[in-house]
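Report on one structure; see the data block that follows.
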Amino acid sequence: MNCHAPAAKPEDIRHVDELKRDLARTHRTTRTSYEGVQLEGIDADYARLMRDGYVIIETLLAPDQLQKVRAAAGECLGPTGRNSFEGKLTQRVYDVFSKTRSVDALAEHPRVLGLLDRLFLPNYLLSQAQIINILPGSEPQLLHHDDGAYPIPRPRKALGAATIWAIDDFTAQNGSTVVVPGSHTWDDHRTPIDGEPIPCVMSAGSVVVFLGTLWHGGGRNFSQESRLAVTCQYCEPWLRQQENFMSEVPLSIANTLSEDLLRMIGYSVLPPFFGMVNGMHPKRLLSVGREGEFNL
């Protein structure tokens, strides 16, 4: 049994900065594709995102896409949350890519990827994905910013970003996500006060995109109906993801995913070699009969 990594093909490195280039030979770093999306729209989205910390983009999903998510949620939704942050009257589906393909198009929507390409380094990652159903009577979630888990002082550039897709209409009564405009620029000593959070009112099929430094939270559901949503969070490629997709998603399913999803769940390398497996590109885990060659 050979326990050593495959021998490297010789290549002269004369300065450590040369390691910053993409050394992958077989699986090159590629930018995402948002063919068919007008760049003017992405420019306007980006301007609002950087000004306010969030942007609402209306009606991106067709009715049949919404129905597919609702059908999948009906099969997967189970118990309510384990604590007040998850929501004691909120249902969450974790490990969604092992359970349904209905969320794929949301996680890799070209309008969103066009924004993320401007925010992060190439080969940025998907940090987590969930289906979330806020039931009637649910209390508001604790306000927070997703980047708060990273111990780097504020103010600073966002290290992550998130989307929350409205599968049902989001209203001020049914638990719409609330955001605090401009809070992405605050320092560590500033927290929201009463009156600052506002609801993201939007129709089903719309999405709110916000920076990881923006204060936000799930709203109180005063209505008699549940509020269904999908959230996807993304991060710089040099950060640890919240969700360990490489352990969750079986290889049999990973082999069916798109190139964008594969890259974002972890089948990618941040040059020169962060994310490697046995000295090689992790996409080789999806290949058969290629053992014994050192080639990122």
Residue-span extension gain [N278 to L142] - 0.36 nm each, minus C-alpha spacing: 44.8 nm
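So if each residue of separation counts as 0.36 nm, and I subtract the Cα-Cα distance between V37 and K99, what length gain in nm does that give? List each step's numbers first, then the result.
Values: separation 62, 0.36 × 62 = 22.32 nm, distance 2.89 nm.
Full extension from V37 to K99 adds 19.4 nm.
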Cα-based helix-to-principal-axis angle, 63-76 vs the chain, degrees rounded to 10: 90 degrees
Spatial separation of Cα centroids for the stretch 239-263 and the stretch 46-121, in angstrom: 16 Å
Mean residue ellipticity (222 nm) of the chain, computed from DSSP H runs ≥ 4 via -39,500 (n - 2.57), nearest 500: -5000 deg cm²/dmol
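In Å, what Kirkwood hydrodynamic radius results for the stretch 150-296 from the alpha-carbon pair distances?
Values: mean 1/r = 0.0552 Å⁻¹.
Answer for the stretch 150-296: a Kirkwood hydrodynamic radius of 18.1 Å.
If the viscosity is 1.567 mPa s and the temperature 4 °C, what translational diffusion coefficient in µm²/s does Stokes-Einstein give for the chain when Rh comes from Kirkwood over Cα pairs? Show your work: numbers first, answer last.
Numbers: Rh = 20.4 Å.
After rounding, the answer is 64 µm²/s.
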Förster-model FRET efficiency, 30 Å R0, A172 and L286, C-beta, rounded to 0.05: 0.10
On Cα atoms only, tilt of 39-52 relative to the major axis of the chain in degrees: 60 degrees
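When a/c reaches 1.5 or more, the comparison of a/b and b/c decides; with that in mind, is the stretch 110-198 rounded, prolate or oblate per its Cα gyration tensor? Intermediate values should be presented prior to the final figure.
Details: a/c = 2.04, a/b = 1.19, b/c = 1.71.
Oblate.
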Convex hull volume of the stretch 83-125 per residue (C-alpha atoms, cubic angstrom): 126 Å³
The stretch 48-141, relative contact order in percent, only Cα pairs under 8 angstrom and at least six apart counted: 31 percent
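Give me the percent of accessible area attributable to carbon and sulfur for the chain, probe 1.4 angstrom.
Details: 8030 of 14630 Å².
On the chain, the fraction of accessible area on carbon and sulfur atoms equals 55 percent.
Considering only protein heavy atoms, what per residue accessible area in square angstrom results for the chain with a 1.4 angstrom probe? Walk me through the numbers on the way to the answer.
Values: 14630 Å² over 296 residues.
Per residue, the chain has 49 Å² of solvent-accessible surface.
Please compute the length gained on full extension between T59 and D17, using 0.36 nm multiplied by the number of residues separating them and subtracting their Cα-Cα distance. Before the final figure, lay out each step's value.
On the way: separation 42, 0.36 × 42 = 15.12 nm, distance 4.44 nm.
That pair, T59 and D17, stretches by 10.7 nm at full extension.
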For the chain: relative contact order, % (alpha-carbon pairs under 8 angstrom, 6 or more apart): 27 percent
Zero-based 5 Å bins, Cα pair distances in the stretch 48-98, whole percents: 5, 15, 14, 15, 19, 19, 11, 2
17 Å Cα-Cα reach of K88 towards aspartates and glutamates, excluding residues that sit fewer than 8 places from it in its own chain: E139, E225
Rounded to 10°, Cα long-axis angle of helix 110-119 versus longest principal axis of the chain: 70 degrees
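The values are calculated or read from the model by the stated rules, or taken from the named source; none is laboratory data. Because the structure is a prediction, the values reported are computed rather than measured. Cβ sites come from the backbone with ideal geometry, for glycine too, and all protein chains shown count toward neighbours. Heads up: the accessible areas ignore ligands, DNA and RNA and are worked out on the full protein's heavy atoms, side chains in. Shrake-Rupley method; radii C 1.70, N 1.55, O 1.52, S 1.80 Å.
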